[in-house]
Amino acid sequence: MKLTGKQFIDWDKKAVTLLGMSGVGKTRLACLLRKQNWFHYSCDYRIGTRYMDEVILDNIKLSAMEVPILRELLLSDSIHIVNNITVDNLKPLSTYLGKLGNPELGGIGMREFKNRQNLHRDAEIAAMNDVPRFISKAHDVYGYDHFINDASGSLCELEDDDVLSTLSKHSLIIYIQATAEDEKLLIQRAEADPKPLYYREEFLDEKLAEYMEYKSLEYAAQLIPDDFVRWVFPRLFYERIPRYEEIAGEYGYTISTTDIQSIQSDHDFLDVIVKTLDNET
């Protein structure tokens, strides 16, 4: 969707998709707008509560069944386990996605890891295809004026033109580009606290081969999970940047992390978007 600043302001039921790496401020911004009559659609929340809820729970139950007292209680229906996923707490989803490597160190074997990656990709595509329906629900059911789509950081990895076309048709796509300084901070944060990630299979195979040669490893099961994530994250980060830029160039617009740092209200957000549209139109 391409608009002028005036067209955006005159759009009575605005819908915006935020694109960018995890950590650039998409969720912070969406949560801010949620308090000012914007419906906050979190892709990761939708994935975890709608499309992967069952496999996440099954994985938790599988671990619980290894504990005798929990096994007895579960088999007798004396207890039940539920996910408590929220927009601010996606731990059950990230824990299920997991990290590749030595099982004794909390890692997941290659076959199961790729299976979970594929499930996540399918779920993310489904969640993004739900956006038009939720735009309508936001207005008709919940009474919100506007809609903000807090997309996953891996959206650029899906390589699905239909998803991008759908998002562009129904929303204004805004890519939040990290400044050089913020890039360094995001990488430092990932190295300090390595989290599960989604990788395109081609990228994973290529970087895994490089890492195993670098570490003189024979099998993926020999990987130290956190060490591999720390090593691969900067490579993933810089692999994604041109993908984000290409999407923004074809379907939307680009703002920077500096632009959103000063946003404290709906008015501030609209002002940033209008200036961006007018500068790029």
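Summary of values
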quantity	calculated
Net lengthening on full extension, residue 161/residue 122 (0.36 nm per residue, minus Cα-Cα)	12.6 nm
Among 48, 225, 125 - extreme Cα towards positive end, dipole of the chain, charges at beta-carbon	48
Computed magnitude of the charge dipole of the stretch 73-216 (debye, nearest 20; Cβ of K, R +1, Cβ of D, E -1)	360
Per-selection Kirkwood Rh - the chain (Cα, Å, 1 d.p.)	20.2
Ranked list, fewest to most other Cβ atoms within 10 Å of each Cβ, for 206, 66	66, 206
Value of [θ]222 nm, deg cm²/dmol, for the chain, DSSP H segments ≥ 4, -39500 (n - 2.57) each, nearest 500	-17500 deg cm²/dmol
Which of 265, 76 has the fewest Cβ neighbours within 10 Å, and the rest in rising order	76, 265
FRET efficiency estimate (nearest 0.05) - Cβ-Cβ, residue 191 to residue 31, R0 22 angstrom	0.30
FRET efficiency, 1/(1 + (r/R0)^6) with R0 51 Å, evaluated for residue 136 and residue 114 via beta carbons	0.90
Residue-span extension gain [residue 67 to residue 245] - 0.36 nm each, minus C-alpha spacing	59.3 nm
Residue-span extension gain [residue 76 to residue 279] - 0.36 nm each, minus C-alpha spacing	66.7 nm
Rh (Kirkwood; distinct C-alpha pairs) - the stretch 192-236, Å	10.8
Principal-axis tilt of helix 161-170 within the chain, Cα atoms, nearest 10 degrees	40
Dimensions in Å of the stretch 37-128 - Rg and Dmax from alpha carbons	14.9, 48
Neighbour-limited loop hits for chymotrypsin sites (Phe, Trp or Tyr not before Pro), the stretch 49-148 (at most 12 other Cβ within 10 Å; DSSP other than H, G, I, E, B)	142
Cα-based radius of gyration of the stretch 105-153 once divided by 2.2 N^0.38 Å, which approximates compact folds	1.67
Among 276, 238, 90 the positive-end extreme of the charge dipole of the chain (Cβ point charges)	90
The chain: relative contact order as a whole-number percent, Cα under 8 Å and 6+ apart	34
Loop-located chymotrypsin sites (Phe, Trp or Tyr not before Pro) in the stretch 182-281 whose Cβ has at most 16 other Cβ within 10 Å (DSSP)	219
Net dipole in debye of the chain [+1 Lys, Arg Cβ; -1 Asp, Glu Cβ; about Cα centre; nearest 20]	560
For the stretch 216-268 versus the stretch 12-67, the gap between their alpha-carbon centres in whole angstrom	17
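Read-outs throughout are calculated quantities, based only on the coordinates presented, and are distinct from any laboratory measurement. Source: prediction; values computed, not measured. When we count neighbours, we look across all protein chains shown, and the Cβ atoms used for this are built from the backbone with ideal geometry, even at glycine.
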